[in-house]
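Scroll down for the structure; my scribbles are underneath it.
The values are calculated or read from the model by the stated rules, or taken from the named source; none is laboratory data. Computed from a prediction, not measured in an experiment: that's the story for all the values here. Here the Cβ is made from the backbone with ideal geometry for all residues, glycine too, and neighbour counts use every protein chain on show. These area figures cover heavy atoms from the full protein model, side chains too; ligands, DNA and RNA do not enter into them. Shrake-Rupley method; radii C 1.70, N 1.55, O 1.52, S 1.80 Å.
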Amino acid sequence: MKTIALFALFSSLAAASPASKGKKVIDSGKYSRPMGAAYFLTNEPSGNYVVAAAIGSDGKLTLRQATSAQGVGSHGGPGNGTDPLFSQGAVQASAAGNIVAAVNAGSNSIAVFTIDHNNPTDLEIIDCPVPSGGEFPISVAINKAGTTVCALNGGTVNGVACFAVNTKKRTVKPIANTVRNLHLNQTTPGTGPPGSASHLLFSADGKQLIASVKGVPPTPGMLAIWDVAADGSLSRTFRSVAPASGGMNPFGMTLIPGQNAIFAADPAIGLEIFDLAGDRSSVLAVPAQGAICWSTFSSKTGNFYTIDPGAATVSEVAVQKKSLKPTLVKQYFQGNGTATIDAQVATVGNNDFLYILAAGQSAIKVMALRAPGNAVALQTLDIAGPARRAVFATNSVNLQGMATFIN
Ligand SMILES: *[C@@H]1O[C@H](CO)[C@@H](O)[C@H](O)[C@H]1NC(C)=O
Ligand SMILES: *[C@@H]1O[C@H](CO)[C@@H](O)[C@H](O)[C@H]1NC(C)=O
Ligand SMILES: *[C@@H]1O[C@H](CO)[C@@H](O)[C@H](O)[C@H]1NC(C)=O
């Protein structure tokens, strides 16, 4: 009897302790100090968790902790496939700001966390999640300094909204004059992929906030671009840039380093380049593509990587410096049924690794990017088993997002 009473007392103390609130330990990882972490969302309607895997010095992952985002996930329709939010950037990390930001798509809120430097898989939520300024938030962007988080809402009330993050005071506050409408004919939860919002990011100089939006054939989608003023406020209206002929659905965007240009995945054709200096765009038709939706860049290989859940391939693409001409370098098959979606590169020591959410397999695939045209499969990390043992729900159709952080 005594032990039971003591146990109950300790359990209630643990539950009340703010340090452990909403955290599910998957692996305490006492034996090693991670180089960084990779984060993705369970996006479950019963409770949304940010799941963190430790990145080792060899680039390999170990699942460590799931932290409640204090909200719920959602799934757009029609159907119940993978890529529930039709988006890239559902979770983002900033080393400069030492924060992780994530969408609660079913709660219309954004959760911001601080990262523990000694253990980047341990996140601490800042205050309560903030209302996202619209409905069905699907993507977040963090500025270079890691002090501003903007949300892309893709529901009936769609558009963007931005927030100032103060990690010392532990506050996340709306920034005046940043709630801006995209005027999409949408629903909550969202309807797509056609006509849905895709991804949000800041330009390299931080002076523009850019959202990608998919088209409804025969009308192509666009990049919607707001000017960001010194006080963080956004221009009242956005400038719209259409993809070049053949482009239809601008999806996951990646800044082209050193250029005022954007590399965007497009599941209608493969990918497109937007040269924002002259509002020019060009497309690359990728052979045998199923639905290329996500993109990321490796500073080590100098190449871009796109992810295709339909054909289950990663396509490596080079972009010429001056002409911005894209060329296909190599394709890497990931296996039928993997339904690879969100992905991000991390630089560990002197090596780049590509972390891909293989939603169909409830796994993360890790590739070592050894050199241009030489990416090698390194690891397949199971998510479903460890999640079950740590007692939090996951479903392959709800998983979304991939962000990396290196100490
Ligand atoms: C979608 O799939 C998930 C996981 O299999 C299931 O729990 C959920 O009920 C499904 N939703 C619908 C609307 O079919
Ligand atoms: C909005 O979308 C619905 C559903 O597809 C469609 O029936 C309606 O005509 C659209 N409205 C406008 C103004 O385009
Ligand atoms: C994958 O699926 C394709 C199309 O159905 C099929 O042609 C191919 O043989 C499959 N590959 C493997 C390795 O099972």
With label points built 7 Å along Cα→Cβ from the Cα atoms of Ser299 and Lys23, find their separation and express it in nm. 2.9
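What is the sum of charges around Lys30, taking Lys and Arg as +1, Asp and Glu as -1, for the other residues whose C-beta is under 15 Å from the C-beta of Lys30?
Working: positive: Arg33, Arg64; negative: Asp27, Asp116, Asp122.
That sum, taken over residues with Cβ under 15 Å, equals -1.
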Calculated FRET efficiency for the pair Arg389/Asp231, C-beta based, R₀ 45 Å, to 0.05: 0.40
Quick one: angle between helix 2-16 and the longest Cα principal axis of the chain, in degrees between 0 and 90, rounded to 10, please. 30
Say each of Leu255 and Lys169 gets a label point 7 Å from the Cα, pointing the same way as Cα to Cβ; how far apart are those two points in nm? 2.6
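How much net charge surrounds Met248 when only the other residues with a Cβ under 13 Å from the Cβ of Met248 are counted, with Lys and Arg +1 and Asp and Glu -1?
That works out to -1.
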Which cysteines in the chain lack any other cysteine whose Cβ sits under 4.7 Å from their own Cβ? Cys128, Cys293
Run the numbers on the chain and let me know its relative contact order in percent, using alpha-carbon pairs under 8 Å that are six or more apart. 14
Give me the number: length gained by fully extending Ser245 to Asp116, i.e. 0.36 nm times residue separation minus the C-alpha to C-alpha distance, one decimal in nm. 41.8 nm
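So, with +1 on the Cβ of K and R and -1 on the Cβ of D and E, and no other charges, what is the size of the charge dipole of the chain about its Cα centre, to the nearest 20 debye? Intermediate results must be reported in sequence, preceding the final value.
On the way: 28 positive and 21 negative charges, 143 e Å.
Here the chain has a charge dipole of around 680 debye.
Tell me, what is the per residue accessible area of segment 17-81 in Å², probe radius 1.4 Å?
Numbers: 2590 Å² over 65 residues.
Per residue, segment 17-81 has 40 Å² of solvent-accessible surface.
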Using the per-residue mean of other Cβ atoms lying within 10 Å as a proxy for protection, in what order, highest first, do the peptides 346-354, 369-377 fall? 346-354, 369-377
Taking the Cβ of Ala346 as the centre, find all other residues whose Cβ is under 13 Å away and add up their charges (Lys, Arg: +1; Asp, Glu: -1). 0
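Could you work out what % of the accessible surface of the chain is carbon and sulfur, using a 1.4 angstrom probe and leaving DNA, RNA and ligands out of the count?
On the way: 8980 of 16070 Å².
Answer for the chain is 56 percent, counting heavy atoms of protein chains only.
Given R₀ = 45 Å, what would the calculated FRET efficiency be for Ala288 paired with Arg33, taking r from the Cβ atoms and rounding to 0.05?
Numbers: r = 43 Å, r/R0 = 0.95.
Between Ala288 and Arg33 the formula returns 0.60.
Using mean Cβ contacts within 10 Å as the protection proxy, how do 58-69, 215-226, 99-110 order, highest first?
Values: 58-69: 21.9, 215-226: 19.0, 99-110: 26.7.
Descending mean neighbour count gives 99-110, 58-69, 215-226.
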